[in-house]
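So the structure is just underneath, and the comments pick up after that.
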Amino acid sequence: MRDLIIIGSGPAGLTAAITAAEHGLDVLVLDEYHKPGGRLLGQLYEEPGGTWWNGIEESRKLAERAGVLGLDIRLGKSVHNIEQVNSSWLVHADCETFEAKSLLLATGAAEAPVAIPGWTLPGVMSVGAAQVMTNVHRVKPGKRGVIIGVNVLSSAIAMELKIADIEVAAIALPKTNQVNGSASNPTEVMNALLHVSHMAPSLFVKMGSKLMKNDFMKKMGITFYPKNGVRMWDIPVMLRKAVIRIEGTDQVEGVTLATVTADGKVIPGTEEVIGCDFVCIAGGLYPLAELAALTGCPFYHINELGGFVPLHSQDMRTPLDGLYVAGNITGIEGAKVAMSQGKTAALSIAKDLGQDIADTSLSEAVRQISSTRTDAHIQFHPEVDAGRRKLQEYWDLHDAEKRKVMV
Amino acid sequence: MTERILEHPVLGSLEAGKTVTFTFNGLEYEGREGEPIAAALLAAGVRTLRHHEESGKPRGIYCNIGHCFECRVEVDGIQGVRACLTPVRDGMAVRESGVLPSPVRDWRKNNA
């Protein structure tokens, strides 16, 4: 029987696989995509200091290292069920079943939609879809696009589209309805953006982000925010206009925008149609954790981590024997955090399988996750640390209960 | 309609690749070997991959990484294949599965 099956060949899964193989474990990696790298593949941004984080290049490096180690990576394999039988894990993928002593879930994240009439028209896609089409497949998602949803992910991808010479006519809010919640509230969106003002310097220099530190100024800022948006990388970012409908008969032909109040109400009579041939929906990311749910692992909803996350410790163990998690399944963060989590998970797994792993190297790996988080260029949620602390409290509670039962 | 990004200021030139020929709804298209069906079709200007099984409304890719199943097509006779995940191959026959019968709904129209 194999030592370890890893589901997901993104930054967390591949780093874990490499670390585990370096410690002599027999590892199998499964991924339903036809290329290794996961969400890393599409990423492209300039880091402070002017170097580029090129996800395709990073994926290639990881895959190359995996190749040198002779890792068994099976791509194009969709896992549809997992079960723990006796003390081993059975992983059902397409028509095959694989078995291992330990299982690491590194399934990453999925994109949340926003609800807008017309969103099923061909030409409407998630913002991540446009990213992959552009950077990985090198096919333009269209000539001129509109992005619905103003957040870290949509801003980063808008710039990537721009670099690839694709016109982005506007980044605007979704209209207010029962589904869209705070993503359609200009004041709340601006508050969230102020936390990432270093990513959008041109936007906030203009607005004077230092002046925006108190609530009164924030209110003034959104009240006097230019109706036609502030330009970021020459793309109008519209916090006072919302897309109320996507237009088109057989495919996207445009969007209807309307001016909204500071709390997101549409001002009647302000509707205007702008033309475009593609639309990106950017509702943010949430942990893709269905496989963990199949195991009976406890879940907690932690807003700062992006949604429901499986209970896990800092060293990436879950309460179930032989089940581990790493990467965005544990909370939405950048690829570098995912990599350090993958390394930590692999060390925990090796240790639990009886390999000689010093406590110090495991605690050093855990420390590395924190420092990577602190240094991260992109913070998906400003309070991610608070979210991690909440989860740790749940873990400690769980651990205390378990000890009681054992006594 | 759409186009391939041959030169990219950060990612560089698109590597020369082998061209493969496949069909979609009986028409012949060319793609780059190894790219997904959805990318090859979009590069050829095809956005509509199917019509909804019940409503008949047009659908294309949505998530592009296998989560949403909006791009499901029939490949060499196998239904429900995700066009965003499946690399295009020489001689592949891709088609949309089309609208399915909805006898209960149709019956209800005249009887309920």
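The values are calculated or read from the model by the stated rules, or taken from the named source; none is laboratory data. Values in this document were obtained by computation on a predicted structure and should not be read as measured data. Cβ placement follows ideal geometry from the backbone for every residue including glycine, while neighbour counts extend to all protein chains displayed.
Looking for whichever is farther than 24 Å from A:Glu290 by Cβ and among the basic types (Lys, Arg) here; the options are B:Arg89, B:Arg72. Which one fits?
Answer to the check: B:Arg89.
Within the option set A:Ala326, A:Ala358, A:Ala293, being small (Gly, Ala, Ser) and touching a residue at least 24 places away in the same chain (Cβ under 8 Å) holds for one residue only, A:Ala326. Of the residues making up region A:103-115, those that are within 13 Å of another protein chain (Cβ to nearest Cβ) and more than 30 Å from A:Ala350 (Cα to Cα) are A:Glu111, A:Ala112, A:Pro113, A:Val114. Taken over region A:159-173, the residue count meeting the criterion of being within 11 Å of chain B (Cβ to nearest Cβ) and either under 21 Å from B:Leu49 (Cβ atoms) or over 20 Å from the mean Cα position of the chain (by Cα) (or both) is 5. Looking only at residues of region A:259-290 that are of a type in the set (Gly, Ala, Ser) and in contact (Cβ under 8 Å) with a residue 24 or more places away in the chain, we find that the one that is surrounded by the most Cβ atoms within 10 Å (Cβ to Cβ) is A:Ala282. When B:Glu53 is tested against (1) facing chain A (nearest Cβ under 9 Å); (2) in contact with a Ser or Thr (Cβ under 9 Å, 6 or more places away or on another chain), only condition (1) is not met. Residues in region B:69-82 that are assigned to a loop (DSSP other than H, G, I, E, B), away from chain A (no Cβ under 12 Å) and either in contact (Cβ under 8 Å) with a residue 24 or more places away in the chain or more than 23 Å from B:Lys18 (Cβ to Cβ) (or both): B:Gly77 only. Using the structure shown, decide if B:Ile78 is among the hydrophobic types (A, V, I, L, M, F, W, C) and surrounded by 14 or more Cβ atoms within 10 Å (Cβ to Cβ). It is false that B:Ile78 is among the hydrophobic types (A, V, I, L, M, F, W, C) and surrounded by 14 or more Cβ atoms within 10 Å (Cβ to Cβ).
Starting from residues that are at the interface with chain A (Cβ under 8 Å from one of its Cβ atoms) and under 17 Å from B:Gly60 (Cβ atoms), keep the ones in region B:23-37 and report whichever is surrounded by the most Cβ atoms within 10 Å (Cβ to Cβ). That would be B:Pro36. Looking at region A:236-315, the strands (runs of 3 or more DSSP E) lying wholly inside it that each contain 2 or more residues that are under 24 Å from the mean Cα position of the chain (by Cα) sit at A:278-281, A:285-287, A:299-302, A:307-310. Of the residues making up region A:29-38, those that are surrounded by fewer than 22 Cβ atoms within 10 Å (Cβ to Cβ) and either touching a helix residue (DSSP H, G or I) at 6+ places or on another chain (Cβ under 9 Å) or at positive phi (or both) number 1.
From the list B:Gly66, B:Gly60, which one is without any contact (Cβ under 8 Å) to a residue 40 or more places away in the chain, in contact with a Gly (Cβ under 9 Å, 6 or more places away or on another chain), closer than 20 Å to A:Cys280 by Cβ and within 8 Å of chain A (Cβ to nearest Cβ)?
Numbers: B:Gly66 fails: in contact with a Gly (Cβ under 9 Å, 6 or more places away or on another chain).
Going through B:Gly66, B:Gly60 in turn, the sole match is B:Gly60.
Scanning region A:119-147 for residues that are farther than 29 Å from A:Pro36 by Cβ and in contact with a Cys (Cβ under 7 Å, 6 or more places away or on another chain), we see that the one that is nearest to the other protein chains (Cβ to nearest Cβ) is A:Arg144. The residue that is nearest to the other protein chains (Cβ to nearest Cβ), counting only those in region B:38-50 that are buried (at least 24 other Cβ atoms within 10 Å of the Cβ) and part of a loop (DSSP other than H, G, I, E, B), is B:Arg47. Being under 19 Å from the mean Cα position of the chain (by Cα), over 26 Å from A:His23 (Cβ atoms) and not small (Gly, Ala, Ser) is a description that applies to A:Val384.
When A:Thr374 is tested against (1) modelled with pLDDT of 95 or more; (2) of a type in the set (Ser, Thr, Tyr); (3) out of contact with any Asp or Glu (no Cβ under 6 Å at 6 or more places or on another chain), only condition (1) is not met.
Here's the yes/no breakdown for (1) among the β-branched types (Val, Ile, Thr); (2) surrounded by 24 or more Cβ atoms within 10 Å (Cβ to Cβ); (3) modelled with pLDDT under 95:
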| site | (1), (2), (3) |
| --- | --- |
| A:Ala100 | no, no, no |
| A:Leu103 | no, yes, no |
| A:Ala115 | no, no, yes |
| A:Ser126 | no, yes, no |
| A:Thr134 | yes, yes, no |
| A:His137 | no, yes, no |
| A:Pro141 | no, yes, no |
| A:Arg144 | no, no, no |
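So that you can scan it fast, the table gives a plain yes or no per residue for (1) at pLDDT 95 or above; (2) surrounded by fewer than 14 Cβ atoms within 10 Å (Cβ to Cβ); (3) part of a helix (DSSP H, G or I):
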residue: A:Gly24; (1), (2), (3): yes, yes, no
residue: A:Gly50; (1), (2), (3): no, yes, no
residue: A:Ala66; (1), (2), (3): yes, no, yes
residue: A:Glu83; (1), (2), (3): yes, yes, no
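Here A:Lys227 does not qualify as closer than 25 Å to A:Glu111 by Cα, away from chain B (no Cβ under 14 Å) and of a type in the set (Lys, Arg). In region A:148-158, the residue that is nearest to the chain's Cα centre (by Cα) out of those that are closer than 24 Å to A:Tyr33 by Cβ and within 14 Å of chain B (Cβ to nearest Cβ) is A:Leu153. Assess whether A:Phe308 counts as being of a type in the set (Phe, Trp, Tyr), modelled with pLDDT of 95 or more and closer than 24 Å to A:Ser155 by Cβ. Judged against the criteria, A:Phe308 is not a match.
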